[in-house]
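Coordinate-derived values only; no laboratory data. All figures in this text were calculated on a predicted structure; none of them were measured in a lab. Cβ placement follows ideal geometry from the backbone for every residue including glycine, while neighbour counts extend to all protein chains displayed.
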Amino acid sequence: MRSHRTNPMYEANYSEVFEFVLLGLSTYRPVQHFLLAISTVFYVIIVLGNILVVLTVTFDLRLHSPMYFLLGNLSFIDLCLSTLTVPKMISDLYSGHNTISFQGCVIQIFVLHVLGGSEMVLLIVMALDRYVAICRPLHYLTIMSPRLCILLLSGAWAIGLIHAVAQLAFVVYLPFCGPNEINSFYCDLPWFIKLACTDTYRTEFVVTANSGFISTGTFFLLIISYIFILVTVQKRSSAGLSKALSTLSAHIIVVILFFGPCVFIYIWPFPPVPGDKFVAVLDFMITPILNPAIYTLRNKDMKMAMKRLSVQVLSLRKI
């Protein structure tokens with residue numbers, strides 16, 4: 001892991017950093033125009049797709065079940081994660097004014113880790129929901145009661161908040177007195193820490209332990225839980241195995257899409273900058289599109305509910 005040691009030049013000419021320069025995905029203007037068009041289209045799809053899922057789950061009474069309640073919250077978090085970074089990137093590509101204030105950078109990091117930590121726990125809750133639905137179907141509605149779902153969701157947000165506060169507690173008081181360029185389109189801890197004009201080896205280690213190891217541990221916990229569900233189903237019925245595998249495959253794809261970039265950014269030693277940027281785009285622009293697509297295109301109930309919602313909206317417009 002790289003560390004940033006105190007530079008005598010910064011000590012002699014100390015000047016507090018009030019803003020950071022986001023270098024973005026490219027400094028070549030024609031490429032920026034292309035990225036502006038692509039990212040705008042992607043963000044519109046993200047907003048429409050995830051809002052459609054949230055509205056469908058909210059207003060269709062047939063979908064008022066634990067699974068769809070959790071799915072609606074997953075879409076809401078994905079929408080927030082994308083909105084946290086992509087509109088700023090679009091604005092920077094359009095105006096060329098690619099700076100962010102120190103406070104804005106810290107707030108972006110904080111909200112990013114609140115949402116990221118909450119989504120990690122939410123994915124575990126969704127795995128629990130699938131376990132109960134597949135392995136204990138007769139007791140599903142009793143175990144996954146509305147009260148328990150709300151408690152689990154509240155716990156997810158609380159853990160995300162604690163995770164973010166713990167992260168910032170180690171870095172918010174770092175001195176910044178010199179370099180202020182972040183080679184990305186958003187602020188996150190690995191790049192933020194490296195700009196501090198002090199030895200950051202211990203801080204980087206703590207951040208990696210908190211984010212990287214938690215991400216990796218949660219990822220393997222989810223994969224093990226899915227394997228356990230499949231083994232349990234196989235022992236009962238070979239016919240049920242294919243049905244369970246079909247149900248869980250969407251969850252497994254979502255887990256890999258979400259945790260892959262997290263593991264790469266926080267665990268992979270000396271990641272190349274293009275690699276960092278690629279996984280960032282995957283996390284904030286590709287995954288929020290694929291999540292609603294994976295859950296809706298493979299789910300007959302969701303597709304029927306969306307059709308009913310569309311018919312209701314069209315009928316209201318005619319009135």
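Some values worked out for this structure:
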| quantity | calculated |
| --- | --- |
| Amide hydrogen neighbours beyond the local backbone of Ile182, cut-off 5 Å, H modeled | Val21, Leu22, Leu23 |
| Ellipsoid equivalent to the chain - semi-axes via the Cα gyration tensor, in Å | 39, 24, 17 |
| Percent of alpha-carbon pairs separated by more than 16 Å within the range 71-141 | 62 |
| Descending principal axes extents, the range 22-143, alpha-carbon based, whole Å | 59, 27, 22 |
| Potential extension, Ile256-Phe228 segment - 0.36 nm per residue separation minus Cα distance | 8.3 nm |
| Magnitude of the charge dipole, the chain, Cβ model with Lys/Arg +1 and Asp/Glu -1, debye to 20 | 1560 |
| Ratio of Rg to Rh over the range 157-238 (Cα coordinates, Kirkwood Rh, two decimals) | 1.22 |
| Residue range of the chain that is longest and free of chymotrypsin sites (Phe, Trp or Tyr not before Pro) which are both DSSP loop and sparsely packed (at most 10 other C-beta within 10 Å) | 174-319 |
| Stokes-Einstein D in µm²/s, Kirkwood radius over Cα pairs - the range 108-195 at 20 °C with 1.002 mPa s viscosity | 140 |
| Degrees separating the helix 29-59 axis from the principal Cα axis of the chain, which is the longest one | 40 |
| Thr58 paired with Glu19, simple spin-label distance in nm, labels 7 Å along Cα-to-beta-carbon | 3.5 |
